[in-house]
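One structure below.
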Amino acid sequence: MRSLVPYLPALACGAMMLFICVPMLLGRKHNQSSDQGASQQEVAELREEISRLKAARALEDRNESLND
């Protein structure tokens, strides 16, 4: 019994790590399909915004070159 006592903190640490990490990993798998659809929509919106910003920047560059 005395030889087991020094190893108890290490065993407790490993057990707590499993207790915390396993539910997070399982929860991630269940929510992955709903998150994927939302993220694809967000990517599409961000691409549209990038296109608009590039167009606005091109117009500003043209106006600056005409004014010079």
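Since every read-out is calculated from the coordinates, none of them should be taken as a lab result. Treat the numbers as computed from the prediction; the structure is a model and nothing was measured.
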Phi to ³J(HN,Hα) by Karplus 6.51 cos²θ - 1.76 cosθ + 1.60 over segment 6-23, Hz, x for Gly, Pro:
x, 8, 4, x, 5, 5, 5, 5, x, 5, 5, 4, 5, 4, 8, 6, 4, x
Extension gain (nm, one decimal) between ALA58 and MET24, 0.36 nm per residue minus Cα-Cα:
7.7 nm
